[in-house]
Amino acid sequence: MTTTAKLFRSIQGLFVLCAALLLSPVPRAGAETTLRVALHSDLKIIDPVWTSALITTHHGFMVYDQLFALDEKLAIKPQMIDTWSVSDDKLTWTFKLRDGLAFHDGASVTAEDCLASIKRWAIKDGMGQKLVSFIREMKALDAKTFQFAMKEPYGLVLDTLGKATSNVLFIMPKRVADGDANTQLSEPIGSGPFIMKRDEWKPGERTVYIKNTKYVPRSEPPSGFAGGKVVNVDRVEWVWIADSQSQVNALLSGEIDLIEAPPHDLVPLFKKDKNVQLFVAAPLGRQYAMRFNMLHKPFDNAKIRQAVAYAFNQKEFLDGVVGNPDYYVICKSAYPCGSPNETTKGWEDKLEGNINRAKQLIAEAGYDGTPVVMMQSTDVSALSNLAPVAKNIMEKIGLKVDLQAIDWQSVVSRRVKRDAPSQGGWNIFFTSWGSIDVMDPVSTNFFNASCDKATFGWPCDATLEKLRDEYARESDPAKRKAIAEAVHVRYSDYPTHIHLGQYLQPTAYRNTLTGLLVASNLALWNVAKK
């Protein structure tokens with residue numbers, strides 16, 4: 001980097017930091033405690049059912065609560081539920097809400113609210129869709145009790161109700177949840193530990209939450225997303241600072257208290273400051289993925305998707321984004337390496353950078369030169385470098401790539417469109433998810449191949465769906481493992497996405513904070529600030 005470039009970058013960082021200082025709130029009277037954090041993305045969509053974007057899931061955990069939740073060891077625990085039971089024939093599940101549950105507007109949470117929330121969420125979520133397909137009837141028995149009558153035994157009932165990653169089943173008021181799942185809600189009213197200050201929300205600047213003083217936490221100690229959600233601060237501000245270096249400067253100077261996902265190449269800067277500590281909230285890590293749109297050319301052809309699988313190799317992507325091999329794992333298994341379903345079956349010869357084999361498949365498929373519209377999210381440092389790596393490899397095998405650089409929230413809004421790429425649609429985008437998102441064939445949302453009901457990308461494959469149903473029905477671990485492997489093999493013939501490796505994401509925070517929880521996503525209750 002030239003001296004001029006270095007000077008320009010320093011001035012740029014100083015300018016953004018000054019802007020952040022100018023946006024700082026005027027100090028308030030009293031002893032109010034404010035937690036200021038910089039997250040991986042700006043919040044522009046507040047409906048955690050309409051989108052699976054991680055930033056909106058973070059928002060969901062602030063505002064809403066869950067029926068069940070995952071603890072630190074990934075065990076399912078009751079959260080809003082007090083007691084539950086299942087009949088001997090496994091066909092009737094009964095759930096009773098705990099006392100003290102109320103929405104932010106003061107209304108008590110009822111069984112009808114829960115059922116309406118489940119129905120809206122299940123339209124969008126893959127695991128929710130699968131669960132509801134096994135339910136014959138859902139009904140409220142009284143104000144606090146509801147029941148599922150199953151068509152046949154289903155082994156993933158609690159796992160589905162308590163999933164901790166997108167799309168999470170958050171409970172909303174019935175009057176809100178009765179709305180169309182394909183239309184974004186605008187009223188963020190939940191029963192969770194924080195209340196969103198809708199009047200102070202300024203996309204591009206900040207999102208503000210205050211402590212829900214009427215929230216009644218569970219009596220158990222906090223663990224992951226389970227247990228007592230005790231809020232120890234009065235106010236939380238998500239401050240949007242787009243430039244990564246400026247985020248780092250703000251943390252080092254004490255302007256903010258935490259950076260959720262600092263770029264790995266900037267992590268060494270924190271090790272030089274005794275006032276900053278590093279923390280990995282998700283020890284299982286995260287996984288990168290590239291998603292195909294299977295509605296339109298060229299990726300409506302499975303052979304062209306297979307060609308990409310042969311051409312790619314994970315190391316190029318991981319080196320391009322993470323860089324430090326201490327923080328990443330090359331893993332050919334679509335299920336996380338180190339997890340019970342880990343397997344390479346069907347992928348032994350893929351993800352090896354085999355350009356010649358890829359070119360052969362492209363020729364066999366009769367590729368006609370249709371441009372590949374590739375969306376690159378420029379403002380999320382953990383994703384931005386994936387697209388250039390992919391473009392370079394795909395052009396080597398003869399695909400024409402139209403790289404379109406846009407911000408992440410625009411990617412989130414655009415990826416739901418089914419329009420042809422030439423009409424404002426898309427062919428490819430990149431994302432990442434927590435490893436616990438993809439532990440099995442049912443929880444892996446990109447394996448949902450139910451055509452129009454599938455998530456964006458819309459794969460349509462009866463074989464994958466049959467295997468996912470078999471996995472959901474099976475209770476024997478060995479048989480489940482065999483089914484998961486069969487899904488992995490089918491996925492090699494009918495790629496729905498390409499998994500690009502695992503990585504650990506450290507969080508950086510000032511040592512004035514205590515109480516950060518090991519969880520699959522960011523949890524800001526239990527955090528105290530000196």
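Enumerate the lysines that LYS481 could reach by cross-link, defined here as Cα to Cα under 21 Å, with residues fewer than 8 away along the same chain left out.
Excluding near neighbours in sequence, the set is LYS73, LYS130, LYS163, LYS332, LYS345, LYS466.
Only Lys, Arg, Asp and Glu count, each charged at its Cβ (+1, +1, -1, -1), so figure out the dipole size of region 79-225 about its Cα centre, rounded to 20 debye. All intermediate terms of the calculation are to be shown ahead of the outcome.
On the way: 21 positive and 19 negative charges, 44 e Å.
Here the size comes out at about 220 debye.
Taking only C-alpha pairs under 8 Å that are 6+ residues apart, what is the relative contact order of the chain in percent? Write down the numbers at each step before the final one.
On the way: 1134 pairs, mean separation 106.2, N = 530.
Relative contact order, the chain: 20 percent.
What size of dipole, in debye to the nearest 20, comes out for region 286-503 about its Cα centre when the only charges are +1 on Lys and Arg C-beta atoms and -1 on Asp and Glu C-beta atoms? It would help to have the intermediate numbers written out before the result.
Details: 26 positive and 26 negative charges, 51 e Å.
With only Lys, Arg, Asp and Glu charged at Cβ, the dipole is about 240 debye.
Taking the Cα centre of the chain as the origin, how large is its charge dipole in debye, to the nearest 20, when only Lys and Arg (+1) and Asp and Glu (-1) carry charge on their Cβ atoms? Mind dumping the intermediate values first?
Details: 62 positive and 59 negative charges, 81 e Å.
Rounded to the nearest 20 debye, it is 380 debye.
Run down the aspartates and glutamates and flag those whose C-alpha is under 14 Å from the C-alpha of LYS529, throwing out any fewer than 8 positions away in its chain.
Within reach: GLU32, ASP234, GLU237, GLU255, ASP257.
With the cut-off at 19 Å, tell me which of the pairs LYS303/LYS350; LYS144/LYS174; LYS124/LYS391; LYS350/LYS417 have Cα atoms farther apart than that. List each step's numbers first, then the result.
Values: LYS303/LYS350 13 Å; LYS144/LYS174 14 Å; LYS124/LYS391 30 Å; LYS350/LYS417 30 Å.
Cα-Cα > 19 Å for LYS124/LYS391; LYS350/LYS417; rest within.
For region 286-503, what's the relative contact order in percent, using C-alpha pairs closer than 8 Å and at least 6 residues apart? Don't skip to the answer; put the middle values down first.
On the way: 412 pairs, mean separation 76.4, N = 218.
Dividing the mean separation by the residue count of region 286-503 yields 35 percent.
Under a point spin-label approximation (7 Å from Cα along Cα-to-Cβ), what is the SER422-VAL280 distance to one decimal in nm?
4.7
When DSSP beta bridges are limited to those with both residues in the chain, what percentage is antiparallel, rounded to the nearest 5? Present the calculation step by step, with values, prior to reporting the outcome.
Numbers: 53 of 66 bridges.
Once the DSSP bridges in the chain are tallied, antiparallel ones form about 80 percent.
Just one of (i) 42, 29, 22; (ii) 35, 33, 20; (iii) 38, 26, 24 is semi-axes √(5λ) of the Cα gyration tensor in Å calculated from these coordinates, so which is it?
Structure-derived value, by its label: (ii).
Starting from 0.36 nm per residue, how many nanometres of slack lie between LYS530 and ALA140 once their C-alpha separation is accounted for? Spell out each step's value before the answer.
Numbers: separation 390, 0.36 × 390 = 140.40 nm, distance 4.52 nm.
Contour length minus the Cα-Cα distance gives 135.9 nm.
Set Lys and Arg Cβ to +1 and Asp and Glu Cβ to -1, take the dipole of region 127-236 about its Cα centre, and tell me which of VAL168, PRO193, GLN147 lies farthest positive.
Highest projection toward the positive end goes to PRO193.
I want to check the label-to-label distance for SER133 and VAL230. Put each point 7 Å from Cα in the C-beta direction and report it in nm to one decimal.
Roughly 4.4 nm, to one decimal.
No value in this document is a laboratory result; all are computed from the given coordinates. All figures in this text were calculated on a predicted structure; none of them were measured in a lab. So basically every Cβ, Gly included, is an ideal-geometry build from the backbone, and we count neighbours across all protein chains shown.
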